[in-house]
Amino acid sequence: METTRCLIIGSGPAGYTAGIYTGRADLKPILYTGMQPGGQLTITTEIENFPGYPNGIGGTEMMDDLRRQAERFGTEVRQGTIDRIDLSSRPFHAVDDHGNELVAESVIIATGASARWLGLDSEKRLYGQGVSACATCDGFFYKNQVVAVVGGGDTACEEACYLATLCKKVYQIVRRNELRASKAMQHRVLSNPKIEVLWDSVTEEITGDDIDGVTGVNLRNVKTGEISHIDVAGFFVAIGHQPNTSFLQGQVALDENGYIKVSEPGSSTSVEGVFAAGDVCDPNYRQAVVAAGKGCVAAMDVERFLMAN
C-alpha cells in the first residue's frame, strides 16, 4: 500500500496549480489526471483570456505546460482515476482504476464540472468549431456575427446578454413559451434589441463542417412540429453544468446542485484534511484563471494543515 502526504484528484488548471505549489512545498504529491488529462480546456481550440499568453494558446498546449511545471517540482502525475475513496477517517484511503491502494494525509479534489449537452451528433462533431458551452471563454471569436444560445434559465440569459455586447444578433432558443430565469434576467433579455427569443423551439441539428465550422441550426417547433432554419456562426449550450462529485458518494457536504461546499475564502471542505478547488466547487465563474488561483489556495491550505497536524 502506497502513502502520500497529498493526493490531488483531477488535473486542469486547479489540479496542476495545486501540484505546482504542493510540489514546491516538498510534499511530493501524487496527482491523478482523471479520464480527461488537462480537463475541459484540452478540447478548447484557443485560449485568449489567460494571463501570460498575449497571443493566445491552445488548451492542450497550456495544460501540457502546467503539467510539466508541476512535474518539475516533484509532483507525480498519473493518468487514471480514483474510483473509490474513504474520507471517514484520516489518513484517507483511496483505490485507483488499476486497483492500487493509496493512503493520503490530505486530499485536494479538483475534478471539475462537466457541461450538460443536448446529446446531438452534430453537437459533438462541431465542438470547438462553433459549438461552445462558455460564452465568456469563446464569445470574442464571434464579434459582430450572429450566434445562438440554448436555454431558458439564468445561465442562458446571462450568456445571451453577454454575447449581445459583442455580437450583431443573438438568438435564444427556448423549449417552453416562457423563461425560467429570474424576473430581472428576463427583463434584461426581453428588453435587449439584439436578442430574439425563439419560443417553443428545440434544436434538431447544428449545421456546418470541419472547414467552415458552424453555419446554422435546424429547429423544431414543439407545438406545431414545423422545422425551420437560422443562420449562425456560433452555437452556445447553456443548460447547466454537472460537478464531477459522484465518486465521493456524499462523503463531503455538497450544495443543492452537487457542488462541494468550501469555507470561503479558503478551500476547506466539511471533512478535515480534504480541500477542493476549481469548477467542482465553483458554480459561478468557471474560468481557468479562477480555477488556477483556487488550486494555489488549496495547496497553501494543505501545507498549513499538515504543518499543524
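Find how many whole Å separate the alpha carbon centroid of segment 90-157 from the alpha carbon centroid of segment 258-291.
Taking the Cα centre of segment 90-157 as reference, the centre of segment 258-291 is 15 Å away.
Near LYS183, which lysines are there with a Cα under 30 Å away, not counting those fewer than 8 places off in the same chain?
LYS183 reaches LYS143, LYS168, LYS169, LYS194, LYS223, LYS261.
Which residues' amide hydrogens lie under 5 Å from the amide hydrogen of GLN242, considering only partners 5 or more residues apart or on another chain, with H built in the peptide plane?
Here the answer is SER114, ALA115, ARG116, since their amide H atoms fall under 5 Å of that of GLN242.
Would you mind checking which residues have amide H under 5 Å from GLY128's amide H? H placed 1.01 Å from N; only 5 or more apart, or other chain.
none
Within the set of other residues whose C-beta is less than 13 Å from the C-beta of VAL146, count the net charge using Lys and Arg as +1 and Asp and Glu as -1.
On the way: positive: LYS143, LYS168, LYS169, LYS194; negative: GLU196, ASP231.
Summing Lys/Arg as +1 and Asp/Glu as -1 gives +2.
For the chain, which cysteines have no disulfide-compatible partner, meaning no other cysteine Cβ under 4.7 Å?
So, CYS6, CYS157, CYS161, CYS167, CYS281, CYS296.
By a straight-distance test (C-alpha under 20 Å), which lysines pair with LYS28 as possible cross-link partners, with residues fewer than eight away in the same chain excluded?
Correct list for LYS28: LYS294.
Per residue of segment 174-185, what does 6.51 cos²θ - 1.76 cosθ + 1.60 with θ = phi - 60° give for ³J(HN,Hα)? Whole Hz please, x for Gly and Pro, Karplus curve as stated.
Once rounded to whole Hz, the list reads 10, 5, 9, 9, 7, 8, 8, 5, 4, 4, 5, 5.
To the nearest 0.05, what FRET efficiency results for SER228 and SER182 with a Förster distance of 35 Å applied to their C-beta separation? Intermediate values should be presented prior to the final figure.
Details: r = 29 Å, r/R0 = 0.82.
Calculated transfer efficiency: 0.75.
What percentages, rounded to whole numbers, describe P(r) for segment 121-237 computed over all alpha carbon pairs with 5 Å bin width beginning at zero?
In whole percents, the pair-distance histogram is 2, 13, 25, 24, 21, 11, 3, 0, 0.
Taking amide hydrogens as modeled 1.01 Å from N in the peptide plane, which residues meet the under 5 Å criterion relative to ASP97, leaving out close sequence neighbours?
Correct list: THR81, ASP83.
Go ahead and estimate [θ] at 222 nm for the chain from helices alone: -39,500 (n - 2.57) per DSSP H run with n ≥ 4, summed, over the residue count, rounded to 500. Let's see the in-between values first.
Numbers: 7 runs with 76 residues, N = 309.
Only helices count here, giving -7500 deg cm²/dmol.
Using θ = phi - 60° and the Karplus form 6.51 cos²θ - 1.76 cosθ + 1.60, what ³J(HN,Hα) does each residue of segment 91-103 get, whole Hz, x for Gly and Pro?
x, 8, 10, 9, 10, 8, 6, 9, x, 6, 9, 10, 10
Just so you know, all these numbers are worked out from the coordinates, no wet-lab data involved. As the structure is a computational prediction, the values presented were derived from the model and not from experiment. Cβ sites come from the backbone with ideal geometry, for glycine too, and all protein chains shown count toward neighbours.
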